[in-house]
Number of protein chains: 2
Amino acid sequence: MKKLINHPDDVVRESLEGFANAHSSLVRVNLDPAYIVRSDAPIAGKVGIVSGGGSGHEPLHGGFVGAGMLDAACPGAIFTSPTPDQMLEAVKAVNGQAGALFIVKNYTGDIMNFEMAADLAREEGMSIESVVINDDVAVNDSLYTAGRRGVALTVLAEKITGAAAEQQRPLDAVAAICRQVNEQGRSMGMALTSCTVPHVGHPMFNLPEDEMEIGIGIHGEPGRRRVKLQSANVIAEMLMEPVLSDMNAKAGDDVLLFVNGMGGTPLTELYIIYRKANEIASKHGLKIIRSLVGSYVTSLEMAGCSITLLKMNDELATLWDAPVRTVALRWGI
Amino acid sequence: MKKLINHPDDVVRESLEGFANAHSSLVRVNLDPAYIVRSDAPIAGKVGIVSGGGSGHEPLHGGFVGAGMLDAACPGAIFTSPTPDQMLEAVKAVNGQAGALFIVKNYTGDIMNFEMAADLAREEGMSIESVVINDDVAVNDSLYTAGRRGVALTVLAEKITGAAAEQQRPLDAVAAICRQVNEQGRSMGMALTSCTVPHVGHPMFNLPEDEMEIGIGIHGEPGRRRVKLQSANVIAEMLMEPVLSDMNAKAGDDVLLFVNGMGGTPLTELYIIYRKANEIASKHGLKIIRSLVGSYVTSLEMAGCSITLLKMNDELATLWDAPVRTVALRWGI
């Protein structure tokens, strides 16, 4: 295992310490229990947006904490759900007396722990809503999930919902925007290589030199099928076809096209995928009004990518464009 | 070779096409000859900042084209210098009648071609200055370089120099700022793994599972030594010690600390390196007033990192903080 780490036990803590050192103007980091909050939290009268999940998907979620996006993020161990006490402490740290929204990727551990945290927070008098992100069209039910997995759409949901909360909209309106993003967005991913969890010390699965996994999950969960390696153009088609047919996109629809890297894939390659996805979407009559390309929801050093399409409208576009000031996504401020 | 590509011959062009599709609000892309310019170029009365180099280091340089940074970038083939005609067309496309500055990484091909382009542009009546970036303390003379290589400091030079140009400072003043950054900055890198150039089809070098290369170049050029794999803390020390001793940093100095990923290394690991580098710098009495962590000057999918220290002053800090609006670095606008 070749990694820039000290001991597997210390990866998440030491990485959080480095993150805190590097970005003290944007965020505050608490180590025990572990959570990251925007430096100006809590903000009176503002709904707190809280997310979290296993580490290993950076910059998700900690890189998206800041003005206009998340108020708090709770990092678990690598590929392991954070605990209810982390979530409870995080939501209390960002309590602006307007309630809080949990944005939860659909994994059984995350769902269970965020539900427990919501109960605990309600016992302390807070109003809590939760929205579950389940955008991955690859498979129904998976290694850690009942139903569809939550993957790269989470970034778009956090950005757009965060902008709505920044406008001091009430909790039910903020939650409604997040649900709308989830309903209107679909994703599918693929992997060229596996990744290695530090504690485990060897790759999660073996993928021969001439094969790839279509429909992979962000923890290396099996996808739809393992097939021979194909060209970027064919791969883009293999991902776009199920996304387009599932989301029932119609000619004339405005969309955001997001090509996400799994961690180990160079930007050059992501843009080659983007190029073909853009062409396919255009052939379907879709109008790509916003774009995002980069490694935002990763699986450690896995090579591969995912494609996300989000059906847009004027309100979502305005919220997407609103100023954001986080480590990994920033514009306007 | 596992890559998201179609044919090796088409990698750079198709990637540029995808980049153009995704970021048409920020940049315009010309394909033949290949260059990227900010969408509002040329800007009357503003010095044009032009850089470029082999592809494979993305987001460098194209990701740094935009307001407050580069006016134009010229991408060569993978790990291959762009040509003088590319550079000439690029500098003409951003000619605001105030001259232009070439920011050139110290590789023999880049130096030669940017010199020829400067001569051609001068023949057309333009004022051209060039600054060569040579921050890599690892080795003197290398596979493609006489003297020291130009590596990650290039990003800081492009940001700070771009901000000075945005203020409509004259060419000599803009060039002086760029030279100051180069004089005050030092870098050193290391690799855990090699990378594969698409045309070549196999890794550039072999690095056994228990070894790493200290002082690696961004094209996989040999470094100082190949040694047994060490912990992140030891690696940070191995990079910081030569950087610190070469730059003659004194207690009380303000610095910018930049931990750069080579492409295949997860953010989690870069923050573990940052954590230790921050600790070492602090022990030396340095005051880290600005930070950057991420994969900005990459070597395709190579795993590894580099550390850059830039001695700051009030002016450099103000220029660093100035608004920037590029694909890969953006704040304030």
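Observations, loosely collected:
- Those residues of region B:64-74 which are outside any loop (DSSP other than H, G, I, E, B) and in contact with a helix residue (DSSP H, G or I) (Cβ under 9 Å, 6 or more places away or on another chain), in sequence order: B:Phe64, B:Ala67, B:Leu70, B:Ala72, B:Ala73, B:Cys74
- Residue in region B:67-81 that is modelled with pLDDT of 95 or more, within 14 Å of chain A (Cβ to nearest Cβ) and more than 30 Å from A:Gly264 (Cβ to Cβ) present: yes
- Those residues of region A:303-319 which are more than 9 Å from every other protein chain (Cβ to nearest Cβ) and of a type outside the set (Ser, Thr, Tyr), in sequence order: A:Ile307, A:Leu309, A:Leu310, A:Lys311, A:Met312, A:Asn313, A:Asp314, A:Glu315, A:Leu316, A:Ala317, A:Leu319
- Flag if A:Ser291 is open to solvent by 10 Å² or more (accessible area, probe 1.4 Å), out of contact with any Phe, Trp or Tyr (no Cβ under 8 Å at 6 or more places or on another chain) and hydroxyl-bearing (Ser, Thr, Tyr): no
- Subset of region A:247-268 (residues that are more than 20 Å from the chain's Cα centre (by Cα) and under 24 Å from A:Arg148 (Cβ atoms)): A:Asn248, A:Ala249, A:Lys250, A:Asp253, A:Asp254
- Condition met for B:His219 (touching a strand residue (DSSP E or B) at 6+ places or on another chain (Cβ under 9 Å), open to solvent by 30 Å² or more (accessible area, probe 1.4 Å) and outside the structural domain of B:Asn106 (by TED's automatic domain parsing)): no
- For region B:140-160, the tally of residues that are of a type in the set (Asp, Glu) and open to solvent by less than 10 Å² (accessible area, probe 1.4 Å) stands at 1.
- Among the residues here, A:Lys283 qualifies as open to solvent by 10 Å² or more (accessible area, probe 1.4 Å), without any contact (Cβ under 8 Å) to a residue 12 or more places away in the chain and within 17 Å of A:Ala232 (Cβ to Cβ).
- If you go through region A:222-273 and keep only what is of a type in the set (D, E, K, R) and either buried (at least 24 other Cβ atoms within 10 Å of the Cβ) or within 14 Å of chain B (Cβ to nearest Cβ) (or both), you end up with A:Arg226, A:Lys228, A:Glu237, A:Glu269.
- Within the option set A:Thr326, A:Thr308, being in contact with a Pro (Cβ under 9 Å, 6 or more places away or on another chain), of a type in the set (Ser, Thr, Tyr) and open to solvent by less than 10 Å² (accessible area, probe 1.4 Å) holds for one residue only, A:Thr326.
Condition check ((1) of a type in the set (S, T, N, Q); (2) surrounded by fewer than 23 Cβ atoms within 10 Å (Cβ to Cβ)) across all residues:
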site: A:Leu26; (1), (2): no, yes
site: A:Pro33; (1), (2): no, yes
site: A:Ser39; (1), (2): yes, yes
site: A:Ile43; (1), (2): no, yes
site: A:Gly53; (1), (2): no, no
site: A:His61; (1), (2): no, no
site: A:Val65; (1), (2): no, no
site: A:Cys74; (1), (2): no, no
site: A:Ala93; (1), (2): no, yes
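- Some residue of region B:112-126 being surrounded by fewer than 23 Cβ atoms within 10 Å (Cβ to Cβ), at positive phi and either at pLDDT below 95 or part of a helix (DSSP H, G or I) (or both): no
- Of the residues making up region B:201-253, those that are out of contact with any His (no Cβ under 7 Å at 6 or more places or on another chain), among the hydrophobic types (A, V, I, L, M, F, W, C) and over 28 Å from B:Val11 (Cα atoms) number 13.
- Any hit, region A:75-82, residues being touching a Pro at 6+ places or on another chain (Cβ under 7 Å), in a loop (DSSP other than H, G, I, E, B) and farther than 21 Å from A:Trp320 by Cα: yes
- Scanning region B:127-138 for residues that are crowded, with 19+ Cβ neighbours inside 10 Å and in contact with a Phe, Trp or Tyr (Cβ under 8 Å, 6 or more places away or on another chain) returns B:Ile128, B:Val131.
- Selection from region A:274-298 of residues that are within 9 Å of chain B (Cβ to nearest Cβ) and closer than 21 Å to A:Gly54 by Cβ: A:Gly294, A:Ser295, A:Thr298
The values are calculated or read from the model by the stated rules, or taken from the named source; none is laboratory data. Because the structure is a prediction, the values reported are computed rather than measured. Quick reminder, even Gly has a Cβ in these numbers, built from the backbone with ideal geometry, and neighbours come from all protein chains shown. We work out accessible area using only protein heavy atoms, side chains counted, and drop any ligands, DNA or RNA first. Shrake-Rupley method; radii C 1.70, N 1.55, O 1.52, S 1.80 Å.
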